[in-house]
1. Can you say whether LYS219 is part of a helix (DSSP H, G or I), modelled with pLDDT of 90 or more and among the basic types (Lys, Arg), as far as the supplied structure shows?
2. Looking at LYS206, is it more than 16 Å from GLY8 (Cα to Cα) and not in a loop (DSSP other than H, G, I, E, B)?
3. Quick check on my filter: what residues within region 210-234 are within 14 Å of VAL98 (Cα to Cα), of a type in the set (D, E, K, R) and over 20 Å from the mean Cα position of the chain (by Cα)?
4. Can we say LYS183 is more than 20 Å from PHE74 (Cβ to Cβ) and touching a residue at least 60 places away in the same chain (Cβ under 8 Å)?
5. Just checking, how many residues over region 36-59 are modelled with pLDDT of 80 or more, surrounded by 17 or more Cβ atoms within 10 Å (Cβ to Cβ) and not β-branched (Val, Ile, Thr)?
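The values are calculated or read from the model by the stated rules, or taken from the named source; none is laboratory data. Note that the coordinates shown come from a computational prediction; the quantities given were computed from them, not determined experimentally. So basically every Cβ, Gly included, is an ideal-geometry build from the backbone, and we count neighbours across all protein chains shown.
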Amino acid sequence: MLRVNVTGIDGCGKSSAIKAANDYLKNQQIAVKVRYIPVDYFDSYFFSFPEQKLERIWLWGDRHKIKFISAIAFSLSTLLCNFSFWLHKFSWRKKFEVLITERDSVVDALVYFDFYFGWIKKILPLSYQTQIRLKKLLEGLPDILIYLEVDPQTALSRIEKRLEEGEKKKTRHLHEDQPTLLKLLDFYDQILPLAKKEKKEMEIVKLNTQTTPAKEVGKKISEIIIELKRKTGQ
């Protein structure tokens, strides 16, 4: 099963691009499974319970501006979503050719780490490369990492529109402001090359979503996936 993770700052268009890619791949008769954060990790009711609770805890922490609570919920969300890959890989259920996940539990966790857990670095100052190596052992890295690029101002305008329309959530996350998004962009620039160094065969593809429609971005992601499937025979 080909593993594809889509990452980028909030408001870059991850969910819309993934939905478009999912539709395109299914039209090409490719069995694809999509995992969104913070919902839809698992198919069974048993595993949907922690997913719903985590989302509520995450939003509660944001609403009351308690960064530590939001941080724990965010970290567990990315971890659980990544864990679903291993469930499907070794599951007796229907096998999927492609698993597309919103965010990456290694890259995103490190990018957002300083914002949520900056105090830990003072106690345990590990390099980014060491942290990536440790997280890779536990969670692995994908075959393709799609990084969606957008400037913070455009991202914030999309977030505001999403809030007005009541999509996904009615609370802005603590990191969704222009200065923090700018810092997160800098962290992505630092972390992505280190992740590539740790898994040289992983393809990192950067797509600009500033003015490109979500359907076009989704189609481009699909074409990348189809080409890699052809090369690897997966």
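1. Values: part of a helix (DSSP H, G or I): yes; modelled with pLDDT of 90 or more: yes; among the basic types (Lys, Arg): yes.
Against the criterion (part of a helix (DSSP H, G or I), modelled with pLDDT of 90 or more and among the basic types (Lys, Arg)), LYS219 qualifies.
2. Numbers: more than 16 Å from GLY8 (Cα to Cα): no; not in a loop (DSSP other than H, G, I, E, B): yes.
Judged against the criteria, LYS206 is not a match.
3. GLU227, LYS229, ARG230
4. Values: more than 20 Å from PHE74 (Cβ to Cβ): no; touching a residue at least 60 places away in the same chain (Cβ under 8 Å): yes.
It is false that LYS183 is more than 20 Å from PHE74 (Cβ to Cβ) and touching a residue at least 60 places away in the same chain (Cβ under 8 Å).
5. Residues of region 36-59 modelled with pLDDT of 80 or more: 56-59.
Narrowing the set further to residues that are surrounded by 17 or more Cβ atoms within 10 Å (Cβ to Cβ) leaves 57-59.
Those left that are additionally not β-branched (Val, Ile, Thr): 58-59.
Residues in region 36-59 being modelled with pLDDT of 80 or more, surrounded by 17 or more Cβ atoms within 10 Å (Cβ to Cβ) and not β-branched (Val, Ile, Thr): 2 in total.
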